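Chemist: Please see the structure below; I have some questions.
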Amino acid sequence: MEVIEKIALMQEVSEKWRGDGNIISLVPTMGFLHQGHIELLRVGRQKGDRLIMSIFVNPIQFGPQEDYETYPRDAEGDLNKARSAGVDAVFMPTVKEMYPDGFQSTVRVEEITKYLCGKSRPGHFDGVTTVVAKLFSTTKPHLAIFGQKDYQQLVVIKRMVRDLNMDTGIIGVPTVREADGLAISSRNSYLSPEERSSALSLKKGLGLAKAMVAEGEKDPVKIKNAVRELILSHPFTEIDYITICDPEKLADIEIIDGPCLLALAVRVGKARLIDNAIVREN
Ligand code: AMP
């Protein structure tokens with residue numbers, strides 16, 4: 001497995017692999033790998049001939065009050081896991097390598113970044129699309145694999161690829177959960193045992209919403225209120241948002257009569273956790 005820190009070398013390696021006729025898969029991550037990332041790597045390994053994983057905690061997607069400095073990091077553990085998962089190259093640049101002095105470009109997707117996490121994390125998706133565009137031009141992937149756990153991120157990246165005619169196929173992978181339903185996240189490491197129990201309320205909320213829709217409830221407000229009440233009945237929880245929206249446009253819906261997504265962000269202690277589910281398929 002190659003470990004590459006320089007953009008120029010990564011481009012050279014990818015170019016060579018492409019020239020030899022290989023399909024390149026990319027799994028972008030911020031490291032501190034868990035089973036969710038491993039599942040993305042499995043899919044990438046299966047769909048491509050050469051598998052690249054990037055590890056980069058991207059400062060420009062964090063707000064000033066967010067956890068950039070304290071975001072969990074474990075380079076050595078990550079490299080061991082990457083090796084076991086059959087990664088061919090880990091691209092692990094420094095911040096200076098990605099954003100040298102004089103850097104001043106942004107890739108922005110306009111509409112769909114205004115909702116959900118875009119509301120509470122201004123500038124976050126600009127940071128995401130800018131870094132993903134840079135990762136694509138560096139690793140030159142035929143395919144890139146993203147998790148549905150970050151549902152809005154997946155939709156935003158698909159939009160960027162379409163709008164900018166990027167030559168990379170985007171694959172979404174279902175959320176990997178712990179046995180009790182908690183969506184796996186690097187930020188779960190912030191949770192105390194008591195907070196972790198409360199964090200289960202996110203998944204319970206999604207279940208409640210699905211059940212209400214299945215029983216014929218069509219009013220998103222009633223469902224959101226019930227989910228809010230359920231989550232707030234658990235200690236340490238503070239709701240950032242609960243949204244029922246169109247799964248593609250991400251705009252709120254007034255009545256549930258077609259496909260819809262419930263997405264939520266909840267602070268549990270100092271962890272800001274997100275989860276989502278399609279509560280009605282069609
Ligand atoms: P991160 O390192 O948190 O930026 O995540 C890197 C990639 O892994 C993103 O595409 C995430 O959506 C994906 N991911 C994170 N957690 C999970 C999970 N529990 N299941 C599936 N994919 C995940």
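Chemist: For segment 221-235, give me each residue that is assigned to a helix (DSSP H, G or I) and either of a type outside the set (Val, Ile, Thr) or within 18 Å of ILE253 (Cα to Cα) (or both).
Modeler: Matches in segment 221-235: VAL221, LYS222, ILE223, LYS224, ASN225, ALA226, VAL227, ARG228, GLU229, LEU230, LEU232.
Chemist: Would it be correct to say that ASP67 is within 20 Å of the chain's Cα centre (by Cα), among the acidic types (Asp, Glu) and crowded, with 20+ Cβ neighbours inside 10 Å?
Modeler: no
Chemist: Under 6 Å between Cβ atoms, which residue pairs at least 6 apart in sequence (or on different chains) link something in segment 145-156 that is aromatic (Phe, Trp, Tyr) with a partner that is in a helix (DSSP H, G or I) and near the ligand (Cβ under 8 Å from one of its atoms)?
Modeler: Listed pairs, sorted by first residue: PHE146/LEU154.
Chemist: I need the full set of residues from segment 114-158 which are more than 13 Å from the ligand (Cβ to nearest atom) and either β-branched (Val, Ile, Thr) or not assigned by TED's automatic domain parsing to the domain that holds GLU12 (or both), in order please.
Modeler: THR129, THR130, THR138, THR139 - these are the residues of segment 114-158 that are more than 13 Å from the ligand (Cβ to nearest atom) and either β-branched (Val, Ile, Thr) or not assigned by TED's automatic domain parsing to the domain that holds GLU12 (or both).
Chemist: Checking VAL161 against (1) within 16 Å of the ligand (Cβ to nearest atom); (2) in contact (Cβ under 8 Å) with a residue 12 or more places away in the chain, which single condition isn't satisfied?
Modeler: (2)
Chemist: OK, next. Going by what's in this entry, would LYS218 be described as within 23 Å of LEU250 (Cα to Cα), surrounded by fewer than 15 Cβ atoms within 10 Å (Cβ to Cβ) and either near the ligand (Cβ under 10 Å from one of its atoms) or among the basic types (Lys, Arg) (or both)?
Modeler: Yes, satisfied.
Chemist: Which residue is farthest from the ligand (Cβ to nearest atom), if the candidates are limited to segment 181-195 and must be free of Cβ contacts under 8 Å to residues at least 60 places away in the same chain and under 23 Å from the mean Cα position of the chain (by Cα)?
Modeler: Applying the first criterion (free of Cβ contacts under 8 Å to residues at least 60 places away in the same chain) to segment 181-195 yields 181-182, 193-194.
Still in the running and under 23 Å from the mean Cα position of the chain (by Cα): 181-182.
Numbers: GLY181: 11, LEU182: 9 Å.
Going through the qualifying residues, I end up with GLY181.
Chemist: Follow-up question, since we're still on this one. Report, by residue number, each residue of segment 243-257 that is in contact (Cβ under 8 Å) with a residue 40 or more places away in the chain and over 21 Å from the mean Cα position of the chain (by Cα).
Modeler: ILE256
Chemist: So in segment 164-180, with the set limited to residues that are away from the ligand (no atom under 12 Å from the Cβ) and either touching a residue at least 24 places away in the same chain (Cβ under 8 Å) or charged (D, E, K, R) (or both), which one is surrounded by the most Cβ atoms within 10 Å (Cβ to Cβ)? Spell out how you get there, then give the answer.
Modeler: Going through segment 164-180, the residues away from the ligand (no atom under 12 Å from the Cβ) turn out to be 164-169, 179-180.
Imposing the further condition that a residue be either touching a residue at least 24 places away in the same chain (Cβ under 8 Å) or charged (D, E, K, R) (or both) reduces the set to 164, 166-169, 180.
Values: LEU164: 13, MET166: 17, ASP167: 10, THR168: 20, GLY169: 15, ASP180: 10.
Taking the candidates together, the pick is THR168.
The values are calculated or read from the model by the stated rules, or taken from the named source; none is laboratory data. None of the values given here were measured: they were computed from a predicted structure. Neighbour counts run over all protein chains shown; Cβ positions are idealised from the backbone, glycine included.
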